[in-house]
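**Q** Structure in structure tokens, see below.
The values are calculated or read from the model by the stated rules, or taken from the named source; none is laboratory data. This structure is a prediction, so every number in the text was calculated from the model and none was measured. Methodologically, a virtual Cβ is constructed for each residue, glycine included, from the backbone with ideal geometry; neighbour enumeration extends over all protein chains shown. Remember, those area values only see protein heavy atoms, side chains included, never the ligands or the DNA or RNA. Shrake-Rupley method; radii C 1.70, N 1.55, O 1.52, S 1.80 Å.
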Amino acid sequence: MSTTRDLKALTPPDIAARKGQTPLVALTAYTTPMAQLVDAHCDIVLVGDSVGMVVHGLPSTLQVTLDMMILHGRAVRRGVERALLVVDMPFGSFEESPQQAFRSAARIMTETEAGAVKLEGGETMAETIAFLTRRGIPVMAHIGLTPQAVNTLGGYRVQGRGADAERILRDGRAVAEAGAFSVVVEKVPGVLAARLTAECPIPTIGIGASSACDGQILVIDDMLGVFTAFKPKFVKTYADLATIADGAIAAYAAEVRERRFPGPEHAFGDARGAPTPANGA
Ligand code: KIV
């Protein structure tokens, strides 16, 4: 294990101490090269279970396994030096009991060297969050729209409208009291996010929850325009990598078909095997 990395890395208490200060910046990552790019600019790198949909083409996050999270967590770990690395607990790996959650979280922490885990759920998960944090596992909670509950919620719609706001506020209070060091708040009205952020003693990290939160998170493939199957309203596309990649692949295909690639500078000797000045062979 690299001690240099550990000395520089942000910790869960560092993140908790940022409550009410300069907004925290978080993005997801699933591979080493992307983790390196994200680490250079972000406070938190999340290996989200969104990996199932944006990388593996699964229909929802429900099919993501603990082994998948650990594999991607290990890849991302190799690219993160400064940010706090957080790995999502997938559906089915923690809901049964605090003991089940501890066994799964302990695997994540030891096999990926993450600094914390994230799990979905508010009041109902408070006992589990307390169980984990008292045993040395820092927890980032996730309330509001919790995509692993898509079937009981009946879709991916905005949460906490009208009287339902009280439920989200109770969830925020419960996870903070249970010891979570921060909480992701997904897809709730801005006015509710502002109230929650004011009342909650830990940083709120919003996704579709307005600029009132203590920080923001997005899925990297969404904000880079790589994942285009659908685009939630809360996503801002900062680059259109799918279009750039499409153009590059089309150019490659054309050049191969026209025998323009590889050129002499990419080959070892000319087509008859003779060395050429261009390729230095
Ligand atoms: O899985 C994920 O990427 C997430 C973020 C959207 C917060 O949970």
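**Q** Considering each of THR4, THR11, THR28 in turn, give the residue that is modelled with pLDDT under 95 and β-branched (Val, Ile, Thr).
**A** None of the others qualify; the one that does is THR4.
**Q** Same structure again: Just to verify a result, which residue in region 232-256, among those that are part of a helix (DSSP H, G or I) and open to solvent by 80 Å² or more (accessible area, probe 1.4 Å), is farthest from ALA209 (Cα to Cα)?
**A** TYR252
**Q** Just one of GLY206, GLY190, GLY172, GLY160 is in the same structural domain as LEU119 (by TED's automatic domain parsing), under 18 Å from the mean Cα position of the chain (by Cα) and small (Gly, Ala, Ser); which is it?
**A** GLY206
**Q** Another one. Within region 80-102, is there a residue that is of a type in the set (A, V, I, L, M), open to solvent by 50 Å² or more (accessible area, probe 1.4 Å) and either in a loop (DSSP other than H, G, I, E, B) or more than 11 Å from the ligand (Cβ to nearest atom) (or both)?
**A** Among the residues of region 80-102, not one is of a type in the set (A, V, I, L, M), open to solvent by 50 Å² or more (accessible area, probe 1.4 Å) and either in a loop (DSSP other than H, G, I, E, B) or more than 11 Å from the ligand (Cβ to nearest atom) (or both), which makes the answer no.
**Q** Separate question: Of all residues in region 185-203, count the ones that are buried (at least 24 other Cβ atoms within 10 Å of the Cβ), away from the ligand (no atom under 12 Å from the Cβ) and closer than 18 Å to ILE44 by Cα.
**A** Matching residues across region 185-203 total 1.
**Q** crowded, with 20+ Cβ neighbours inside 10 Å and more than 15 Å from the ligand (Cβ to nearest atom): which single residue out of GLY115, GLY48 fits that description?
**A** Only one candidate passes the filter, namely GLY115.
**Q** Can you name the residue in region 60-79 that is in a loop (DSSP other than H, G, I, E, B) and under 20 Å from LEU119 (Cα atoms) and, of all such residues, is most open to solvent (accessible area, probe 1.4 Å)?
**A** THR65
**Q** Looking at (1) on the phi < 0 side of the Ramachandran plot; (2) open to solvent by 40 Å² or more (accessible area, probe 1.4 Å), which is the one condition that is false for ARG259?
**A** Just one mismatch for ARG259, condition (1).
**Q** Give the residue, chosen from ALA212, ALA229, ALA271, that is more than 14 Å from the ligand (Cβ to nearest atom), open to solvent by 30 Å² or more (accessible area, probe 1.4 Å), assigned by TED's automatic domain parsing to the domain that holds ALA165 and modelled with pLDDT under 95.
**A** ALA229
**Q** Let me ask another. Regarding region 8-16, can at least one residue be identified that is touching a Lys or Arg at 6+ places or on another chain (Cβ under 8 Å), charged (D, E, K, R), surrounded by fewer than 19 Cβ atoms within 10 Å (Cβ to Cβ) and assigned by TED's automatic domain parsing to the domain that holds ALA149?
**A** The answer is yes; a qualifying residue exists.
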